[in-house]
Amino acid sequence: MTTYPTILRLVLFLVLPALVMTSHAARADTPLPSSVKSELERQKLDAGSLGVWVKPVDSDTPLIAHQADRLFNPASVMKLVTAVSALDILGPSFKWKTEIHADRMPVNGVIDGNLYIKGYGDPWFRSEDLWDVVRRLRELGVREVRGDVILDDSYFAPISADPGEFDNRPDRVYNALPNALLLDNRAVRIAISPQGEPDSAVTTWPPNPQLALSNSLDLVDQPCRNNTNQPVIDIRNPVEATAEIQVRGTVSRQCSPHLYYRVAGDPHDALFHAFKSLFESAGGTVTGNWRHGLLQTGAKKLVSHESRSLTNYLWLMNKWSNNVMARQILLTMAAEIEGTPATELKAQRVIDRWAADRGLDWDGAVVENGSGLSRVARLTPRQIGDMLESAWKSPYMAEVMASLPMSGIDGTMRKRLSDMRGHAHIKTGTLRDVRAGAGYLLSKSGRRYVVVMLHNEQGVQHGGGTRVQDALMTWLYQNG
């Protein structure tokens with residue numbers, strides 16, 4: 001059966017690319033700099049597929065407005081919407097909880113009943129945090145759980161999407177689906193340590209017995225070079241609880257240990273077995289298994305873990321373009337404003353109202369999941385530019401700026417524009433046939449600009465789009 005969301009996505013996919021302008025009257029373009037036009041010609045790219053908005057933060061007049069009201073796919077530049085709206089809606093000091101409850105308080109270190117782990121959407125709940133939870137349980141004297149471990153992820157509604165729908169790579173961490181009780185971004189850590197015995201050269205975390213591990217690595221006694229450090233990792237049936245991790249290829253014993261991350265198996269299996277392993281390593285015992293369920297009224301709270309603040313998470317999300325973090329943050333806004341369980345439809349309504357409250361012209365905008373990992377997401381250069389200008393004048397300007405990759409320094413801009421090191425704070429975005437960038441640039445003259453570059457054209461992601469963007473930012477740095 002074709003579902004309503006599927007039909008909606010199909011309609012958006014077919015109709016939105018044909019919308020050249022938003023509903024308000026189109027404004028006149030201003031010319032692109034000659035150096036940008038020359039770079040477009042060199043890269044054999046079409047200026048008609050590029051949208052640009054450049055405006056001083058201290059002026060009402062844009063310096064460049066090229067197809068500024070056309071709707072483009074912004075790729076991960078969409079995370080700017082998630083970041084700016086979250087600072088307004090949740091606040092920079094917002095923190096996520098993960099709570100441990102029990103049917104009854106422990107007696108002589110024994111919980112004679114079920115233990116509950118309830119998640120509230122923490123975008124970066126890591127194994128280290130789970131260890132802290134276990135440590136605090138042991139400090140309370142808990143040494144045995146005689147019931148089951150009930151996992152409550154009801155803060156978010158279940159996400160029924162296919163993680164392989166986007167690019168047929170459901171094992172990739174960038175495709176991980178959100179969940180209110182998510183460990184390590186849903187990733188399985190695969191460690192290859194070639195110095196030991198072949199049978200123990202590959203280990204995984206969490207230690208999930210549901211997952212099968214097949215290790216057929218060829219360990220060789222040769223210098224560590226490209227041709228002797230080529231492990232291949234395949235995940236069979238990655239979305240199934242009984243997924244198989246296959247590791248093969250050639251690795252030199254002289255190569256250093258290395259970590260790889262893939263999505264494999266059921267995330268609840270992963271969390272439970274990580275919890276059980278850590279609890280047992282601390283001297284505890286869990287006799288039951290895990291199951292889905294709701295925190296029961298009257299259950300006793302034992303531990304409440306608090307995450308780092310939203311500001312810290314925006315730094316991680318934007319510097320390295322973490323998709324599942326963006327989706328978790330967007331759904332958290334939906335849960336906090338429209339109530340649980342959070343859905344992407346609720347989140348869209350929250351963002352639309354937020355944009356209206358900010359005075360943004362949001363006509364035609366499609367946020368979808370807030371990460372930019374989408375074929376139907378759409379924004380105009382002017383919409384992003386107006387939002388960034390509004391953020392510049394907001395109380396949270398510093399938090400927005402600090403979260404963005406800096407040219408020649410860090411994040412996804414660390415290898416770009418080293419000759420203007422630190423002068424551009426740009427959120428980048430890349431999909432097939434999409435190259436995008438937006439943020440702030442400080443010119444050589446000391447004037448600050450909002451910069452938005454959205455480019456949708458076949459093959460633009462293969463370097464050419466980056467060179468066009470760099471040509472524009474170099475021109476602005478020199479002449480702005």
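The values are calculated or read from the model by the stated rules, or taken from the named source; none is laboratory data. Values in this document were obtained by computation on a predicted structure and should not be read as measured data. Neighbour counts run over all protein chains shown; Cβ positions are idealised from the backbone, glycine included.
I'd like to verify a number: residues in region 279-331 that are polar (S, T, N, Q) and not in a loop (DSSP other than H, G, I, E, B), how many? Step through it out loud before you land on a result.
Of region 279-331, the ones polar (S, T, N, Q) are 281, 285, 287, 289, 296-297, 304, 307, 309, 311-312, 318, 321-323, 328.
Retained after the next criterion (residues that are not in a loop (DSSP other than H, G, I, E, B)): 281, 285, 304, 311-312, 318, 323, 328.
Qualifying residue count for the region: 8.
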Note on region 103-150: residues touching a Gly at 6+ places or on another chain (Cβ under 9 Å) and either basic (Lys, Arg) or in a helix (DSSP H, G or I) (or both) are ARG104, VAL134, LEU137, ARG138, ARG143, ARG146
Across (1) in contact with a helix residue (DSSP H, G or I) (Cβ under 8 Å, 6 or more places away or on another chain); (2) surrounded by 17 or more Cβ atoms within 10 Å (Cβ to Cβ), ALA402 clears everything bar (2)
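Go over the candidates PRO194, PRO170, PRO207 one by one and state the one that is more than 25 Å from ALA299 (Cα to Cα), touching a Cys at 6+ places or on another chain (Cβ under 8 Å), not in a strand (DSSP E or B) and not basic (Lys, Arg).
Values: PRO170 fails: touching a Cys at 6+ places or on another chain (Cβ under 8 Å); PRO207 fails: touching a Cys at 6+ places or on another chain (Cβ under 8 Å).
Of PRO194, PRO170, PRO207, the one residue that is more than 25 Å from ALA299 (Cα to Cα), touching a Cys at 6+ places or on another chain (Cβ under 8 Å), not in a strand (DSSP E or B) and not basic (Lys, Arg) is PRO194.
Name the residue that is surrounded by the most Cβ atoms within 10 Å (Cβ to Cβ), counting only residues in region 28-74 that are closer than 24 Å to TRP362 by Cβ and of a type in the set (S, T, N, Q). Before the answer, list the steps.
In the first step, residues of region 28-74 are kept if they are closer than 24 Å to TRP362 by Cβ; the result is 28-30, 49-57, 59-74.
Then drop every residue that is not of a type in the set (S, T, N, Q), which leaves 30, 49, 59, 61, 67, 73.
Working: THR30: 14, SER49: 18, SER59: 11, THR61: 8, GLN67: 23, ASN73: 25.
The residue in question is ASN73.
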- For GLY119, are the conditions met, namely being in contact with a strand residue (DSSP E or B) (Cβ under 6 Å, 6 or more places away or on another chain) and of a type in the set (Gly, Ala, Ser)? yes
Going by the structure shown, is PRO17 surrounded by fewer than 21 Cβ atoms within 10 Å (Cβ to Cβ), in contact with a Lys or Arg (Cβ under 9 Å, 6 or more places away or on another chain) and modelled with pLDDT of 95 or more?
-> no
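Tell me which residues, restricted to region 247-278, are assigned to a helix (DSSP H, G or I) and touching a helix residue (DSSP H, G or I) at 6+ places or on another chain (Cβ under 7 Å).
Within region 247-278, the subset assigned to a helix (DSSP H, G or I) is 267-278.
PRO267, ALA274, PHE275, LEU278 - these are the residues of region 247-278 that are assigned to a helix (DSSP H, G or I) and touching a helix residue (DSSP H, G or I) at 6+ places or on another chain (Cβ under 7 Å).
From GLU165, GLU197, grab the single residue that is under 26 Å from ASN323 (Cα atoms), out of contact with any Pro (no Cβ under 9 Å at 6 or more places or on another chain) and free of Cβ contacts under 8 Å to residues at least 40 places away in the same chain. First the steps, then the outcome.
Values: GLU197 fails: under 26 Å from ASN323 (Cα atoms).
Answer to the selection: GLU165.
Residues are listed down the side, and each one gets a yes or a no for (1) of a type outside the set (Lys, Arg); (2) in contact with a strand residue (DSSP E or B) (Cβ under 7 Å, 6 or more places away or on another chain); (3) within 30 Å of CYS255 (Cα to Cα):
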residue	(1), (2), (3)
GLU139	yes, no, no
SER154	yes, no, no
ARG172	no, no, yes
ALA180	yes, yes, no
ILE192	yes, yes, yes
Of the residues in region 388-443 that are in a strand (DSSP E or B) and of a type in the set (S, T, N, Q), the one that is nearest to VAL81 (Cα to Cα) is THR428
